[in-house]
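These notes concern the structure reproduced below.
Just so it is clear, none of the values below were taken in a lab; they were calculated from the coordinates. Bear in mind that the values here come from a model prediction, so they are computed numbers and not experimental data. Glycine gets a Cβ as well: all are built from the backbone with ideal geometry, and neighbour counts include every protein chain shown.
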Amino acid sequence: MRTQIIQINEQNINQELINQAGDIIKSGGLVAFPTETVYGLGGDALSPESSKKIYAAKGRPSDNPLIVHICRMEDLAHIVREIPEAAYKLAKAFWPGPLTMIFNKSELVPYETTGGLDTVAVRFPSHPVARAFIEASGGYVAAPSANISGRPSPTLAKYVTEDMNGRIDMILDGGDVEIGLESTIIDMTAEEPMILRPGYITREMLEDILSSVDEDSTIMNDDSKQAPKAPGMKYRHYAPKAELTIVDGKADSVVDYINGELCRLKQEGHKTGVIAANDTIARYKADICKNIGNRNDEKAIARELYRILREFDDEKTTVIYSEAFDASGVGQAVMNRLLKAAGHKIIYLK
Ligand code: TXA
Ligand code: MG
């Protein structure tokens, strides 16, 4: 299959090109598109065949449900059985935007899209290209992140091309994404709304609207006896090809420990990498040191993380050490993804 790659300027959207992309979806094809979080791999959410194609293109297990993307609040009622009052409140506060809510699904949504579940995840993105594209596609676009299953989600169209060239019909290149980590997922069918995946919309922001929300206990812990409630969270996701270890502790101890390990690993013939904040980066002796930014700016760190993990792959790094970052606010999503990328390998120094 030849994959068409098309530039779209979000300030001046070419409707003709968007209509072409929409026509591909309506006729059962796949199109990757930018959102404010990461790039998505879109297909018709109401077509079982399209959803199967998405799983095949990603190499994703079919028990891992897809998120249905909409572009109008009024479309929600068609794909869900009921809309709880709390969901209206969250929608008012955070839609369009990086929040995904889970509802009981209506009959319109095929089980192929929901991985066999009776619930459906719905997101109303804010990115102008995403919204125009969803509208041109008929209003319901199923879209996982546009990476091969297990790789970091793409934050640039070139990474989508790397993973999806030849596997899908079209890539809409809208430049850099704004956030860099996937949306916050909250289950609205639980007794108390429950966060299944942390993201840019933080627990504090949700609690400002709903007063109290629950959180899946597997988000920050590797409790293998407990299955995460979002099926996708059980996979070793977001992972670079190199072995990644996180080291947490006082700055001096972390630098000394990592440098000691690097020295040993280099002698063993490894190509080594380090991920660190700008105040410590110069102190590391890895082959490749990546500055992830100011450690007090979690939003900037979120934007850089997946790009850095992919660059290490390109540079054929074989082992990576990362500093730990503050897990408050958006930092919780950063540490959740970093822990997954490391397969929960974290060393705590005194
Ligand atoms: O920001 C995002 O959400 C991006 C962009 C493209 O919108 N999409 C994204 O999709 O991250 P994906 O497929 O990579 O992740 C979807 C996650 C998976 O962990 C999946 O298991 C969970 O959502 N999920 C989807 N439907 C669910 C459901 N009905 N119940 C529980 N978890 C669900
Ligand atoms: Mg994904």
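Among the residues of segment 129-151, write down those that are in contact with a Lys or Arg (Cβ under 7 Å, 6 or more places away or on another chain), within 19 Å of residue 18 (Cβ to Cβ) and within 15 Å of ligand 2 (Cβ to nearest atom).
Result: no residue meets the conditions.
Of all residues in segment 169-196, which are touching a helix residue (DSSP H, G or I) at 6+ places or on another chain (Cβ under 8 Å), closer than 24 Å to residue 53 by Cβ and outside any loop (DSSP other than H, G, I, E, B)?
Passing the criteria: 170, 171, 172, 173.
Taking segment 152-168 as the search range and keeping residues that are buried (at least 22 other Cβ atoms within 10 Å of the Cβ) and not in a helix (DSSP H, G or I), which one is farthest from ligand 2 (Cβ to nearest atom)?
If we take residues in segment 152-168 being buried (at least 22 other Cβ atoms within 10 Å of the Cβ) and not in a helix (DSSP H, G or I), then 168 is farthest from ligand 2 (Cβ to nearest atom).
Have a look at 117, 76 and point out the one that is in contact with a Lys or Arg (Cβ under 8 Å, 6 or more places away or on another chain) and either under 17 Å from residue 185 (Cα atoms) or within 16 Å of ligand 2 (Cβ to nearest atom) (or both).
Residue meeting the stated conditions: 117.
Pairs needed: first member in segment 244-267, free of Cβ contacts under 8 Å to residues at least 24 places away in the same chain; second member anywhere, small (Gly, Ala, Ser) and part of a loop (DSSP other than H, G, I, E, B); C-beta distance under 9 Å; at least 6 residues apart or different chains.
266/286
If you go through segment 119-144, how many residues are outside any strand (DSSP E or B), among the charged types (D, E, K, R) and either within 19 Å of residue 155 (Cα to Cα) or touching a strand residue (DSSP E or B) at 6+ places or on another chain (Cβ under 6 Å) (or both)?
1
Identify all residues within segment 265-310 that are aliphatic (A, V, I, L, M) and touching a Gly at 6+ places or on another chain (Cβ under 7 Å); write none if there are none.
Result: 277, 286, 288, 300, 301, 302, 305.
Run residue 293 past the list (1) without any contact (Cβ under 8 Å) to a residue 60 or more places away in the chain; (2) closer than 21 Å to residue 183 by Cα and report the number of the one that doesn't hold.
Checking residue 293 against (1) without any contact (Cβ under 8 Å) to a residue 60 or more places away in the chain; (2) closer than 21 Å to residue 183 by Cα, the one that fails is (2).
Please work out if residue 51 is crowded, with 17+ Cβ neighbours inside 10 Å, within 15 Å of ligand 1 (Cβ to nearest atom) and in contact (Cβ under 8 Å) with a residue 24 or more places away in the chain.
yes
Being in a loop (DSSP other than H, G, I, E, B) and among the aliphatic types (A, V, I, L, M) narrows it down to one residue among 108, 90, 76, 41; which is it?
Residue meeting the stated conditions: 108.
Scan 295, 283, 303 and give me the residue that is surrounded by 16 or more Cβ atoms within 10 Å (Cβ to Cβ), more than 16 Å from ligand 1 (Cβ to nearest atom) and closer than 29 Å to residue 194 by Cα.
Within the list 295, 283, 303, the selection yields 295.
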